[in-house]
Amino acid sequence: MPLDATLTDLTEWVAGLNARYKHHSATAVMERALSDSDLGRIALVSSFGAESVVLLHMVSVIDKATPVLFVDTNMLFAETLTYQQEVSQHLGLTDVRTIHASQIATIAGDPDGTLHQRDTDACCGLRKVAPMEAALAPFDSWITGRKRFQSGSRASLEFFETEGQKRIKINPLAHWAPEDVRDYMINNRLPRHPLVAKGYPSIGCAPCTAKVAPGEDPRSGRWKGQDKEECGIHFIDGRMVRGPLKQAS
């Protein structure tokens, strides 16, 4: 991928990757991502949530030194922080980077810690989007755990996407079904997030994550009662993008 590639060039290149890997497994896509020099410097972004261990395990098998970026918003469940430490050690990951918003930005933007009660988008922007953007700046590509089944806005998700002219986004599990995730965890004897058994199939910050009743959409407990499906880290040019990025026509 040339450094001076235009958005059209990148879009065509990504379309070619998606066509080539259309019928390949998630593992094949992951191996491609971690071995292709054209994808440049690459990191895995992980929330260490309910299903995160799948990609973390795949990375650990292929290259334990792959940078893993984990955003601690200072509003996560205590169980998530403990799980992050336990999984990283269990899998032998050697470059897990915990990212925080700067203290100055937090004091300026949310001095009393109640921003999430007034404006969840602004809170996500302050505590997650801005620090993640800064952490991703040195990388050319990043791996996400998004899947088509998770919400309507992800229904057309592909393996590879452009993020403007800044980065390539890779979604190895895009075509997986819930049973694929469950089977992978069982077959590889992977540790589950402790909150899953307590009724939290999708886990984010504690104030904005609720339990989900049997039969409900697994992500319905995130920002319950709001017209919001994404935290906002899937953005372009500073604008939050709640679903898959649309490719240029």
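Numbers below:
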{"item": "Qualifying positions in the range 87-107 - under 14 Å from Phe48 (Cα atoms) and either exposed (fewer than 13 other Cβ atoms within 10 Å of the Cβ) or in contact with a Phe, Trp or Tyr (Cβ under 7 Å, 6 or more places away or on another chain) (or both)", "result": "Val87, Gln89, Val96, Arg97, Thr98, Ile99"}
{"item": "Checklist (1) modelled with pLDDT of 90 or more; (2) under 30 Å from Ser102 (Cβ atoms); (3) in a helix (DSSP H, G or I) applied to Arg219, failing item", "result": "(1)"}
{"item": "Every residue from the range 58-67 that is within 13 Å of Gln89 (Cβ to Cβ) and either in contact (Cβ under 8 Å) with a residue 40 or more places away in the chain or basic (Lys, Arg) (or both)", "result": "Lys64"}
{"item": "Residue tally, condition surrounded by 12 or more Cβ atoms within 10 Å (Cβ to Cβ) and in a helix (DSSP H, G or I), over the range 108-132", "result": "16"}
{"item": "Checking Arg97 against (1) of a type outside the set (A, V, I, L, M, F, W, C); (2) part of a loop (DSSP other than H, G, I, E, B); (3) touching a strand residue (DSSP E or B) at 6+ places or on another chain (Cβ under 8 Å); (4) within 24 Å of Pro194 (Cβ to Cβ), the condition it does not meet", "result": "(2)"}
{"item": "Residue match in the range 25-34 (condition: in contact (Cβ under 8 Å) with a residue 24 or more places away in the chain and within 30 Å of Thr120 (Cα to Cα))", "result": "no"}
{"item": "Residue ID - farthest from Lys128 (Cα to Cα), chosen from residues in the range 178-224 that are among the basic types (Lys, Arg) and surrounded by fewer than 16 Cβ atoms within 10 Å (Cβ to Cβ)", "result": "Arg189"}
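The values are calculated or read from the model by the stated rules, or taken from the named source; none is laboratory data. Remember, it's a predicted structure, so these values are computed and weren't measured experimentally. Methodologically, a virtual Cβ is constructed for each residue, glycine included, from the backbone with ideal geometry; neighbour enumeration extends over all protein chains shown.
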